[in-house]
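Trainee: What follows is a structure written as C-alpha cells; I'll ask about it next.
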Amino acid sequence: MNTESALIRYHRQLLNRFIVFDSKEAMITTDRKSGLTEAPALWTTDNNLIGVLKGYFENSWKESEELIKQDTSERQTVVPHGSSQK
C-alpha cells in the first residue's frame, strides 16, 4: 500500500513565489527579500497571467529534483536525489 500523500521536489535556484487557486485566481509576491507574510503581493483573476504562472510551475517542476528520505539511527533526513550526504 502506498502511504505517500505528496511529492516533494527540490529546485537549486530561488524561484518566484506565487499561488494559483483553482486555476481562477493567483497571488504573486513582489519582493523576494521579505518574508512571505510581509511581502507585497499582486492578486489577479486574469486567465492569461494565470496560464503563464501554471506553465512556469510545470517547467520548474520538470527541472527540479526528487527528494528522497534517508533513514538514520537518530533522525530521518531528506536530501535531493543524486546528492551525497556528508
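The values are calculated or read from the model by the stated rules, or taken from the named source; none is laboratory data. Everything numeric in this text was worked out from a predicted model, so none of it was measured. FYI the Cβ positions are ideal-geometry reconstructions off the backbone, even for glycines, and counts take in every protein chain you see.
Trainee: Scanning the stretch 1-33 for residues that are under 17 Å from the mean Cα position of the chain (by Cα) and hydroxyl-bearing (Ser, Thr, Tyr), which turns out modelled with the highest pLDDT?
Mentor: Filtering the stretch 1-33 for residues that are under 17 Å from the mean Cα position of the chain (by Cα) and hydroxyl-bearing (Ser, Thr, Tyr), the one modelled with the highest pLDDT comes out as SER23.
Trainee: Moving on. Just checking, how many residues over the stretch 3-30 are part of a strand (DSSP E or B), without any contact (Cβ under 8 Å) to a residue 60 or more places away in the chain and either closer than 16 Å to GLU66 by Cβ or of a type in the set (D, E, K, R) (or both)? Even if it seems obvious, please write down each step before you answer.
Mentor: Let us first name the residues in the stretch 3-30 that are part of a strand (DSSP E or B), namely 9-10, 18-21, 25-29.
Adding the requirement that they be without any contact (Cβ under 8 Å) to a residue 60 or more places away in the chain leaves 9, 18-21, 25-29.
This time we only want the ones that are either closer than 16 Å to GLU66 by Cβ or of a type in the set (D, E, K, R) (or both), so: 9, 25.
The qualifying residues number 2.
Trainee: Give the number of residues within the stretch 31-62 that are among the β-branched types (Val, Ile, Thr), in contact (Cβ under 8 Å) with a residue 12 or more places away in the chain and surrounded by 11 or more Cβ atoms within 10 Å (Cβ to Cβ).
Mentor: Counting residues in the stretch 31-62 that are among the β-branched types (Val, Ile, Thr), in contact (Cβ under 8 Å) with a residue 12 or more places away in the chain and surrounded by 11 or more Cβ atoms within 10 Å (Cβ to Cβ) gives 2.
Trainee: Every residue in the stretch 36-86 that is at pLDDT below 85 and assigned to a strand (DSSP E or B), please.
Mentor: Scanning the stretch 36-86 gives LEU67, ILE68, LYS69, GLN70, ASP71, GLN76, THR77, VAL78, VAL79, PRO80.
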